[in-house]
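S.K.: Have a look at the structure that comes next, please.
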Amino acid sequence: MFEIRFTPEAIDDLRTYSRRDRNRVFHAIEACLKHEPGRETRNNKMLRPNRLAERELRAGRFRVFYDIDQRRAAVKIVAIGHKSGNRLIVRGEEFQL
């Protein structure tokens, strides 16, 4: 089982969403990243090299960006954003991957 760790920035990202939205994100993280975070699925994929994270988990309109540390069996959540149409919003600004 992998330990889930949040960066301070990811915690700040979560605070911008409602309790209902936060619960949806937490449920997706728990269901998809606790046991097999590197498993490719329709909602969990490796990203092209970028400055944010190596992987993305989709939870409805929300996007969870994370890195995996296999040695420590840990998942580091680095950012949480959402889609608005074709735009990705992270920390209140449009973000290009």
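A short reminder: the numbers here are calculations on the coordinates, not readings from a lab. As the structure is a computational prediction, the values presented were derived from the model and not from experiment. Using ideal geometry, Cβ is built from the backbone for each residue, glycine included, and neighbour counts are taken over all protein chains shown.
S.K.: Counting other Cβ atoms within 10 Å, which chymotrypsin sites (Phe, Trp or Tyr not before Pro) in the stretch 3-57 have at most 16 and lie in a DSSP loop?
M.R.: Answer in residue order: Tyr17.
S.K.: Another one. Percent of Cα-Cα pairs more than 16 Å apart in the chain, please.
M.R.: That tail contains 51 percent of the Cα-Cα pairs.
S.K.: Convert each backbone phi in the stretch 2-10 into a coupling constant with the Karplus relation 6.51 cos²θ - 1.76 cosθ + 1.60 (shift: θ = phi - 60°), then list the ³J(HN,Hα) values in order as whole Hz, x for Gly and Pro.
M.R.: Along the stretch 2-10, the couplings run 8, 7, 9, 10, 10, 6, x, 5, 5 Hz.
S.K.: Let me ask you something else. Tell me what the chain gives for mean residue ellipticity at 222 nm when only DSSP H runs of n ≥ 4 count, each as -39,500 (n - 2.57), the sum divided by the residue total, rounded to 500 deg cm²/dmol. Can you show the working numbers first?
M.R.: Working: 2 runs with 23 residues, N = 97.
Only helices count here, giving -7500 deg cm²/dmol.
S.K.: In the chain, once you exclude exposed trypsin sites (Lys or Arg not before Pro) (DSSP loop, at most 13 other Cβ within 10 angstrom), what's the longest stretch remaining?
M.R.: On the way: sites that count: Lys34, Arg39, Arg42, Arg51, Arg61, Arg71, Arg72, Arg91.
It runs 1-33.
S.K.: For Arg55, enumerate residues with amide H under 5 Å from its amide H, sequence gap 5+ or separate chain, H modeled in the peptide plane.
M.R.: Leu47, Tyr66
S.K.: Among the GluC sites (Glu not before Pro) within the stretch 17-81, which fall in a DSSP loop and have no more than 16 other Cβ atoms within 10 Å of their own Cβ?
M.R.: Answer by residue number: Glu40, Glu54.
S.K.: Across the stretch 81-95, in residue order, what do the Karplus-derived ³J(HN,Hα) couplings come to in whole Hz, using 6.51 cos²θ - 1.76 cosθ + 1.60 with θ = phi - 60° and x for Gly and Pro?
M.R.: Per-residue couplings from phi come out as x, 8, 8, 10, x, 9, 9, 9, 10, 10, 6, x, 10, 5, 10 Hz.
S.K.: Below 8 Å, C-alpha to C-alpha, sequence gap of six or more: please give me the relative contact order for the chain in percent. Show your work: numbers first, answer last.
M.R.: Numbers: 154 pairs, mean separation 28.3, N = 97.
Relative contact order, the chain: 29 percent.
S.K.: By how many degrees, 0 to 90 and rounded to 10, does the Cα axis of helix 19-33 deviate from the longest principal axis of the chain?
M.R.: Between the helix axis and the principal axis of the chain, the angle is about 30 degrees.
S.K.: Give the aspartates and glutamates whose C-alpha is closer than 18 Å to that of Lys76, dropping any in the same chain fewer than 8 places away, or say none.
M.R.: Cross-link targets: Glu3, Glu9, Asp12, Asp13, Glu30, Glu36, Glu40, Glu54, Glu56, Asp67.
S.K.: For Ala74, which sequence-distant residues (separation of 5 or more, or a different chain) have an amide H within less than 5 Å of its own amide H, given hydrogens modelled in the peptide plane?
M.R.: When sequence neighbours closer than 5 places are left aside, the close amide H contacts are Glu3, Asp69.
S.K.: Separate question: Collect residues whose amide H, placed 1.01 Å from N in the peptide plane, falls under 5 Å from the amide H of Asn44; neighbours closer than 5 in sequence don't count.
M.R.: HN-HN under 5 Å from Asn44: Arg58.
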